[in-house]
Each structure stands twice: as C-alpha cells, then as structure tokens.
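Every read-out reported here was derived from the displayed coordinates using simple, explicitly stated rules and does not represent laboratory data. Fair warning: this is a prediction, and the values are worked out from it, not measured in the lab. Note: ideal-geometry Cβ built from the backbone for every residue, glycine included; neighbour counts use all protein chains shown.
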Amino acid sequence: MTYAENLWLYFTLLFGIIIVPGMDMVFVLANSLTGGRASGLSATAGIMAGGAVHSLYGALGVGVILHLVPELFNVLLIGGALYIAWIGLSLLRSNIAIGAVEPAARLSRWTSFRRGAVTCLMNPKAYLFTFAIYPQFLKPEFGPVWVQAVIMGIMTALTQLAVYGGLALAAGQGRDVMVSSPSLTANVGRAVGLLLVLVAALTAWHGWMAR
C-alpha cells in the first residue's frame, strides 16, 4: 500500500464515522437552530478543537510505543482492527434514529465553542476510537510519525468542518432529514458499519503481512 492509498483509506473511514448522526452532530444542530449559523459554526470550531486534542494524544501514544516497545505495535494494530470490527458489527445490527432535536438555550459564540470542545473531549468512545484508528495509519515506513499525524489531524479537522459546518449552514434542512427520515439515518449507520468491518479486515491483514 502506498502512502497516498493509506491516506485515502483513512479519509474514507474518517468521513464514514463523522457523517453518522451522533452527539457532536446533534450539538451543532441544536446550537444552529437556536443561535443561527454563527452559533452552529462556533460549536463546530469547538468540536474541531477537541478533535485536534484527540489527534495529538493518539499520535503521541503511537510514537511512544514505537520508540519504547516497537514489538507491541503490531499487537496494538491487530487489537485496534478488532475494535473497529466490533464497532462496525454493532452499527450493522443497530437501528440508528434521531429523535426531535430540541433547540438549546441561546448561547454566546464563545460558550458554543467551549461546550463543543467539551462535548468532543468528554466522549469516552472518542478516546478508544483514536487509539484504534491511529495505529492503522501511522506507519514508520512512510516517514516521521509526527508529520503523518499533522496531515491526518488536518484531514480530520477539514472533514469535521465540511460535515458539521455544512450542517450549521443548513440547519433547517439538516434537522428535517435527521428527524423525519429514520430509515435514512439507519441505512447510513449500516453502510458505515460495513465499511468499518472491511477496513478492519484490510488493516489486520496488512498488520499480519508486516510481521
């Protein structure tokens, strides 16, 4: 696998995860409905900041393991692949539906930003997901890990901006789709679940071949 292929695979997985309706998306939508586009975009910026922190500690964790105990890298990779597969199977069996999105109390832009960051940082699944995802795509053969981490972090932030920022700019339409089309959100979740299972199988195979 080339570095470009590695990045495309990461982006495909990242986009699939971000576009699944969840806590971050609902938070942006609620702020947009109450405070308008500016509030929704501020919430989006906060979530992007929280995502940057997740990216930082994920990269640091992988870097430490590679430096101190390189033999554990493939073990971490296989473990992460199993975790991704578990998430994927859970999504395949689930029936995601978003209830009515209630407008939040009107917040200042700074408060929307701060709460967006806290919402992202307080999500325990995000921590587990970071440790599962980063080892799959930060590979020493592609150069310095920190350079790869910066590129992946930028890709993460831009994808969050595109999805959540786009939702903030079209809050009314986004609300209607999420609330009135439960079958659509469920099918999106299942499609992402299948994607995760396929990515898990591919990364596990690459990890095994690397051994």
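A few remarks follow.
- Computed lengthening from Ile154 to Tyr57, 0.36 nm per intervening residue step minus Cα-Cα distance: 33.5 nm
- FRET efficiency for the pair Thr12 and Ser108, taken as 1/(1 + (r/R0)^6) with r the Cβ-Cβ distance and R0 = 45 Å, rounds to 0.80.
- Extension gain for Phe142-Leu121 works out to 4.7 nm (0.36 nm per residue, less the C-alpha to C-alpha distance).
- At full extension, Tyr3 and Trp86 could sit 27.3 nm farther apart than now, given 0.36 nm per residue minus the alpha carbon distance.
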